[in-house]
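One structure is given here, and the rest of the page talks about it.
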Amino acid sequence: MRDEDRQTIRQLPLFSKMEEHHFKQLMRAAYAQRIPQHVDLIREGEPADFLYLVMEGRVELFSASHGRETSMAIVSPVSTFILAATIKDAPFLMSARTATASTLLLIPSQNVRAVFENDPEFARAIVAELATCYRSVVKSMKNLKLRTAVERVGNYLLRLHDKAGQARVVTLPYGKKSLASILGMTPENLSRAFGSLQAHGIIMDGSRVEIDDREALARFCKPNPLIDDPQS
């Protein structure tokens, strides 16, 4: 592992306050892998042998049942996934595959659990991370249950606009099929939603979206900080 990668990991909230010797213990057990695009990493129902950190690229979390499949989330650098399964020593509830060529760090779950038992600061950081994940799930459920498809897409664009520093033009970070699945709709409904929103302040050009009138878009979509603010 490169020194700069180790320093980046050390600065993450999950690892920043833990004892140095415990951090070194985890890093000694970990190893990095460069993995091509569209490679399956884990399958739901399998045991959680590793905690995964996305260092470069993107990973898609998804689930399938009875011939149907849905995207659950896209994980970007630098962040972990499958933390709850690691701590509970439970089977994966989701599958994962690389959405792009990616560099991942794999830390054996048994090592994570051992340090969790012996490092109070690491344990507190894990609780905080899992609490954040839980609140994110609640927000996602509210987004799905309380909004129409068009409102979900519009509020997604507003969040993307904020993340881009309210640049006039934003680019969809991944394909429309994945975006539709994450937002709980079909690709056809997503296309119709984009079409409807062009009367409320946006201009579409493929994956590029020009926010021509943010106030009009916000009036129509009615953003809610208890759903849309990542800090809430």
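The values are calculated or read from the model by the stated rules, or taken from the named source; none is laboratory data. It should be emphasised that the depicted structure is a prediction, and the values quoted were computed from it without experimental measurement. Every residue, glycine as well, gets a Cβ built from its backbone with ideal geometry; the counts of neighbours run over all protein chains shown. For accessibility, only protein heavy atoms count, side chains too; no ligands or nucleic acids. Shrake-Rupley method; radii C 1.70, N 1.55, O 1.52, S 1.80 Å.
Shape call for segment 45-111 from the C-alpha gyration tensor, a ≥ b ≥ c root eigenvalues: rounded (a/c under 1.5), prolate (a/b greater than b/c) or oblate?
Working: a/c = 2.36, a/b = 1.07, b/c = 2.21.
Oblate is the answer for segment 45-111, as a/c is 1.5 or above yet b/c matches or exceeds a/b.
If contacts are Cα pairs under 8 angstrom and at least 6 residues apart, what is the relative contact order of the chain in percent? Present the calculation step by step, with values, prior to reporting the outcome.
Details: 364 pairs, mean separation 44.3, N = 232.
Computed value for the chain: 19 percent relative contact order.
The largest accessible area among LYS145, LYS176, LYS163, LYS139 belongs to the first residue in LYS163, LYS145, LYS176, LYS139, and the rest follow in falling order (1.4 Å probe, all chains).
Sites listed here are GluC sites (Glu not before Pro) in segment 1-108 whose DSSP assignment is loop and whose Cβ has at most 14 other Cβ atoms within 10 Å: GLU19. Based on every Cα atom in segment 94-181, Rg and the maximum pairwise Cα distance Dmax equal 17.7, 49 Å. Our note on the geometry: Cα centres of segment 1-33 and segment 103-181, 22 Å apart. Using a probe of 1.4 angstrom, how much of the accessible area of the chain is carbon and sulfur, in percent? It is 52 percent, rounded to a whole number.
For segment 143-190, averaging the sequence separation of C-alpha pairs within contact (under 8 Å, six or more residues apart) and dividing by the residue count gives a relative contact order of 42 percent. Charging the Cβ of each Asp and Glu at -1 and of each Lys and Arg at +1, and nothing else, the dipole of the chain about its Cα centre rounds to 480 debye.
Filter the cross-link list LYS88/LYS163; LYS24/LYS176; LYS17/LYS88; LYS139/LYS176 down to pairs whose alpha-carbon distance in this structure exceeds 31 Å. If you can, show how the numbers build up before the last one.
On the way: LYS88/LYS163 33 Å; LYS24/LYS176 41 Å; LYS17/LYS88 22 Å; LYS139/LYS176 21 Å.
The pairs that break the limit, which is 31 Å between Cα atoms, are LYS88/LYS163; LYS24/LYS176.
For segment 116-171, the residue among ALA167, VAL138, ALA123 whose Cα projects farthest onto the positive side of the dipole built from Cβ charges is ALA167. Note that the chain presents 55 Å² accessible area per residue, ligands and nucleic acids not counted, probe 1.4 Å.
Spacing of the modelled spin labels on ASP3 and THR148, each 7 Å from Cα toward Cβ, amounts to 5.8 nm.
Can you compute the FRET efficiency between HIS38 and ARG214 using 1/(1 + (r/R0)^6), with r the Cβ-Cβ distance and R0 = 25 Å? Round to the nearest 0.05.
Values: r = 35 Å, r/R0 = 1.41.
That pair, HIS38 with ARG214, gives E of 0.10.
Using only the alpha-carbon atoms, how far is helix 20-29 inclined from the longest principal axis of the chain? Give it as 0 to 90 degrees, nearest 10. Relative to the chain, helix 20-29 is tipped by roughly 80 degrees.
Charge dipole of segment 118-191 (Cα centre as origin; +1 on each Lys and Arg Cβ, -1 on each Asp and Glu Cβ, all else neutral): 320 debye, rounded to the nearest 20. Normalised by the number of residues in segment 112-232, the average gap of Cα pairs under 8 Å and 6 or more apart makes the relative contact order 28 percent. Summarising the label geometry, the points placed 7 Å from Cα in the beta-carbon direction at LEU93 and GLU20 lie 3.8 nm from one another.
Taking the C-alpha atoms only, the angle from helix 149-163 to the longest principal axis of the chain is near 60 degrees.
Answer with one residue from LEU93, ALA114, ASN155: the one whose Cα lies farthest towards the positive end of the charge dipole of segment 53-174, charges on Cβ with Lys, Arg +1 and Asp, Glu -1. Checking the options against the dipole of segment 53-174, the answer is ASN155.
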